[in-house]
Structure formats: C-alpha cells, structure tokens
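These notes concern the structure reproduced below.
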Amino acid sequence: RQVPYILMHSRGAASNNDPNARYGDVVAEVLAELTELRDRFVAAGVAPDRIILDPGLGFSKTGEHNWALLRALTQLAGLGHRVLVAASRKRFLGSLLAADGSPAAPKERDDATLAVTALSAGQGAWGVRVHDAAANLDAVKVAAAWVR
C-alpha cells in the first residue's frame, strides 16, 4: 500500500501489573522481538524503508525497562529503520517526578517529556509522539543544533 508501518513492541496492554513485563535483558529481548516482527513484515512484502520501529514504552514494561530502552535508542536505530519514541506524559515520568509519594499528574509531566524528546532526538530518534507538539518541536531544534 506504500504507506509507513509503525511496528511497536508490546507483549500486552499498558498496565501497572502486567505479567508480561518480565525480561532477562529488556534491551536485547525488545530488539530481538522487533527484529522478528520486522522480518515478518518484510517477508510479507513491506519495503524496509516503510518500517518505523517503536520500543513500546509503557507496554509490558516497568519504569526501569523504559529507561533502559531510552538509553539504548542508538541500538534500536542500528537496526536500520526510523525510530519513534512515545514517552509523552507516560506513567514512568510521573513516578520520576513524584512528590510526597504521589506521581505527578499527566499535565505536570510536560517538562520531563521535553527532556526525553530532546535526548531522544540527540540519540537518533526519527520522531516523537507528544501532546504539546510546539514545545517539543523547539526541544528537537535545540537537540539538532547541539549535535551539529
């Protein structure tokens, strides 16, 4: 159909108590599972340049899993496809910003989202899925200027 395909890693729905969020090495397993999925799409006739990979932050992953995957974006990009990061206002950011034991509310996670966006852009992410597009575009521009 000549459209891009976003292949997002997931072993199940996003939830706090996901039994599928068990990994020996989250980075290696997510890379392997995305590679297997990618190979199935290519075998079905999807052109490799139409494939975008998403590590699936929050889907069958704990906060620590999400951070490990973000630190490994260059490895994900190394698979030869565009990478999409969807961290905007996610629960792991709310936990990081918790005050008095309560996670930050979703809207209070926007500054953390900007940081993740800028760092992801600097690590080779092709795109980000965000709630505040204008502010995140500014963050990407800063990251691009930084690495030039």
Open item on the list: Looking at segment 39-67 only, could you name the residues that are under 11 Å from residue 7 (Cα atoms) and either of a type in the set (Ser, Thr, Tyr) or in contact with a Pro (Cβ under 8 Å, 6 or more places away or on another chain) (or both)?
Closed with: 50, 51, 52
TODO: Quickly run through segment 109-148 and pick out the residues that are basic (Lys, Arg) and closer than 25 Å to residue 51 by Cβ.
DONE: 129
Task: Breaking point among (1) open to solvent by 20 Å² or more (accessible area, probe 1.4 Å); (2) farther than 21 Å from residue 133 by Cβ; (3) in contact (Cβ under 8 Å) with a residue 40 or more places away in the chain; (4) out of contact with any Ser or Thr (no Cβ under 7 Å at 6 or more places or on another chain), for residue 72 - done: (1)
Open item on the list: Can you pull out every residue in segment 5-22 that is modelled with pLDDT under 95 and open to solvent by 40 Å² or more (accessible area, probe 1.4 Å)?
Closed with: 10, 11, 13, 14, 15, 16, 17, 19, 20, 22
Open item on the list: If I filter segment 28-49 for residues that are in contact (Cβ under 8 Å) with a residue 60 or more places away in the chain and open to solvent by less than 40 Å² (accessible area, probe 1.4 Å), do I get at least one hit?
Closed with: no
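The values are calculated or read from the model by the stated rules, or taken from the named source; none is laboratory data. Because the structure is a prediction, the values reported are computed rather than measured. FYI the Cβ positions are ideal-geometry reconstructions off the backbone, even for glycines, and counts take in every protein chain you see. What goes into the accessible areas is simple: the full protein's heavy atoms, side chains included, and nothing from ligands, DNA or RNA. Shrake-Rupley method; radii C 1.70, N 1.55, O 1.52, S 1.80 Å.
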